[in-house]
1. Rounded to whole Å, give me the distance from the Cα center of the stretch 4-26 to that of the stretch 39-115.
2. Restricting to Cα pairs below 8 Å that are 6+ residues apart, what does the relative contact order work out to for the stretch 5-58? Please round to a whole percent.
3. How far is helix 92-101 tilted, in degrees, relative to the longest principal axis of the Cα atoms in the chain, given as a value from 0 to 90 rounded to the nearest 10?
4. Could you work out the percent of alpha carbon pairs in the chain separated by over 22 Å, rounded to a whole number?
5. Could you work out [θ]222 nm for the chain from helices alone, using -39500 (n - 2.57) per DSSP H run of at least four and dividing by all its residues? Round to the nearest 500 deg cm²/dmol.
6. So for the pair Phe4, Glu20, with labels modelled 7 Å out along Cα→Cβ, what separation do we get in nm?
7. By how many degrees, 0 to 90 and rounded to 10, does the Cα axis of helix 2-17 deviate from the longest principal axis of the chain?
8. So how much slack lies between His31 and Glu65, counting 0.36 nm per residue of separation and subtracting their Cα-Cα distance, in nm?
Amino acid sequence: MKDFDDAFWSALDELVSNSEIVIDRPRGSAHPRFPDFIYKVDYGYLKDTLSMDGAGIDVWVGSGERKIDAIMCIVDLMKRDSEIKILVGCTEDEKLEVYKTHNETQYMKGIMIRR
């Protein structure tokens, strides 16, 4: 299993290193549809990629070293979809904020898979 796990993380490393990260929701900004929601970690996407929702693959970008720390696997009951979010350079506090963000309502739940 470890070889398969290593191959997964290597594939993510390659995807992220060969993609431009676009931060469209910087730390401290409000969500465009839910103004009471303030982003505590930079949030964006990988340009020229495709996720289940038809947009770019989502990324949370922290203040640490630019490496992939973990992923969040999300189930969104309102949108009736699921997807992953890639965490890049997140400190432990930032990982906790991302985790709480994806678990604070009854409509969205997520699990974090650490590298």
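FYI, it's all coordinate maths here, none of it is from the lab. Please read these numbers as outputs of a predicted model, since none were measured by experiment. Cβ atoms come from the backbone with ideal geometry, glycine included; neighbour counts cover every protein chain shown.
1. 12
2. Values: 69 pairs, mean separation 15.3, N = 54.
Result for the stretch 5-58 is 28 percent.
3. Taking the Cα atoms of the chain, the angle to 92-101 is about 50 degrees.
4. Details: 1923 of 6555 pairs.
For the chain, the fraction of Cα-Cα distances above 22 Å is 29 percent.
5. Rounded to the nearest 500, it is -7000 deg cm²/dmol.
6. So the label points at Phe4 and Glu20 sit 3.6 nm apart.
7. 60
8. Result: 9.7 nm gained on full extension.
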